[in-house]
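I have placed the structure first, in the form of structure tokens, so that the comments after it can refer back to it.
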Amino acid sequence: MKLQQLRYIWEVAHHDLNVSATAQVLYTSQPGISKQIRLLEDELGVEIFARSGKHLTRITPAGEAILAIAGEILRKVDSIKQVAQEFSDDSKGSLSIATTHTQARYALPTVIEKFMASYPDVSLHMHQGTPMQIAEMAANGTTDFAIATEAMEHFGDLVMMPCYRWNRSILVPRKHPLAQFGRPTLEQIAAYPLVTYVFGFTGRSQLDDAFKSRGLTPRVAFTAADADVIKTYVRLGIGVGIVASMALDPELDDDLLAIDASHLFAPSVTKIGFRKGTFLRSYMYDFIGAFAPHLTRSLIEQATHCHNKQELDALFAGIELPEH
């Protein structure tokens, strides 16, 4: 069994069983990958992938178990490399972040600008996706950090730490009937079609819970993952927008009226996290501290030793989170 073979099966599994695409990513040949997978299967005496002719069709039950262990091994190998890099040169390396459009567009630019000025030799990679995709990328080691609001609690192997609280604003054209209300009620808002986030995005669950608690079933006319797209369709008159307040630009959005909705919806908390067992390099601690100054190195290290969500919640219970 070779480390290269484990990397091949891992990459094939994460490229939709497409050996050709995997070969391109790994800069090797398709026949070479197929041969090494066959050799590994012959050595183990089980099939990792089921086949139809020359095509891989699915991962076998044995393959699922093998891939889980292979992933752990490959992550440990990456940690060894990180340790070596930290001691050879703590200012060089890479950092990958998985996050949503709202975070990437509105919360992270200033942080990343300062970080890259401090660490010009660290290459930074950003991946955008749904909160579930973001959590999965962090859990399987595809990215170093996950930054999101929803879905994080479903992954027990992630160390998730609270960064800041935020709430929402109602967006309407300036001549919209709701513009006359300084503090509209949920009933008044529910009278109009809504334009907001796709379910599972950017605190959408708090929004749904608020309407449900009042026995209201709003008509969601249009959903999107991108706050800028939502604003576009509010301008078209499709409906009343509900977005994160941080997603408002006073200059670019001056044609819209933003009504504070913090009296209607419970605040949401954005978190940053990484996979348990991840070796954090010095610049990784600095990035977390730049994004959430209350997350000191000492506090992060304490978080890594928490065994469950209850212990994590207790650790951060006394910390007053900033508002964004």
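The values are calculated or read from the model by the stated rules, or taken from the named source; none is laboratory data. Remember, predicted model here, so these are calculated numbers, not experimental data. Here the Cβ is made from the backbone with ideal geometry for all residues, glycine too, and neighbour counts use every protein chain on show. What goes into the accessible areas is simple: the full protein's heavy atoms, side chains included, and nothing from ligands, DNA or RNA. Shrake-Rupley method; radii C 1.70, N 1.55, O 1.52, S 1.80 Å.
Counting the residues of region 82-113 that are β-branched (Val, Ile, Thr) and either in contact with a Lys or Arg (Cβ under 8 Å, 6 or more places away or on another chain) or within 19 Å of LEU252 (Cβ to Cβ) (or both) gives 2.
Only one of MET126, MET132 is under 21 Å from the mean Cα position of the chain (by Cα), part of a helix (DSSP H, G or I) and aliphatic (A, V, I, L, M). Can you tell me which? Lay out the reasoning, then the answer.
Working: MET126 fails: part of a helix (DSSP H, G or I).
Unique residue meeting the criteria: MET132.
Among strands (runs of 3 or more DSSP E) entirely within region 221-315, having at least 1 residues that are open to solvent by 60 Å² or more (accessible area, probe 1.4 Å) and within 26 Å of GLN188 (Cα to Cα) singles out 256-260.
Scanning region 96-113 for any residue that is within 25 Å of HIS305 (Cβ to Cβ), hydrophobic (A, V, I, L, M, F, W, C) and either touching a residue at least 24 places away in the same chain (Cβ under 8 Å) or not in a loop (DSSP other than H, G, I, E, B) (or both) turns up at least one such residue.
When you scan region 159-174, do you find a residue that is open to solvent by 60 Å² or more (accessible area, probe 1.4 Å), within 22 Å of LYS231 (Cα to Cα) and not in a strand (DSSP E or B), even just one? Yes, some residue in region 159-174 is open to solvent by 60 Å² or more (accessible area, probe 1.4 Å), within 22 Å of LYS231 (Cα to Cα) and not in a strand (DSSP E or B).
If you go through region 282-310 and keep only what is at pLDDT below 90 and charged (D, E, K, R), you end up with just LYS309. The residues on offer are GLY71, GLY141, and the sole one that is part of a loop (DSSP other than H, G, I, E, B), under 24 Å from the mean Cα position of the chain (by Cα), surrounded by 14 or more Cβ atoms within 10 Å (Cβ to Cβ) and of a type outside the set (A, V, I, L, M, F, W, C) is GLY141. Of everything in region 12-43 that is within 17 Å of ILE69 (Cβ to Cβ), under 28 Å from the mean Cα position of the chain (by Cα) and modelled with pLDDT of 90 or more, the residue that is surrounded by the fewest Cβ atoms within 10 Å (Cβ to Cβ) is ALA13.
Just one of the numbered conditions (1) open to solvent by 70 Å² or more (accessible area, probe 1.4 Å); (2) closer than 22 Å to GLU11 by Cβ is not true of ALA135; which one? (1) is the only condition that ALA135 fails. Applying a threshold of 7 Å to beta carbon distances and a minimum spacing of six or more residues, or different chains, the list of pairs starting in region 254-272 at a residue that is touching a residue at least 12 places away in the same chain (Cβ under 8 Å) and ending at one that is of a type in the set (Phe, Trp, Tyr) and crowded, with 21+ Cβ neighbours inside 10 Å reads PRO267/TRP166; SER268/TRP166; THR270/TRP166; ILE272/PHE145; ILE272/PHE291. If you check THR196 against the conditions, is it within 21 Å of SER268 (Cα to Cα), part of a strand (DSSP E or B) and out of contact with any helix residue (DSSP H, G or I) (no Cβ under 7 Å at 6 or more places or on another chain)? Taking the combined requirement at face value, the residue does not satisfy it.
Looking at region 1-57, which of the residues that are of a type in the set (Val, Ile, Thr) and in contact (Cβ under 8 Å) with a residue 24 or more places away in the chain is farthest from GLY141 (Cα to Cα)? Restricting to residues being of a type in the set (Val, Ile, Thr) and in contact (Cβ under 8 Å) with a residue 24 or more places away in the chain, the top hit is THR57.
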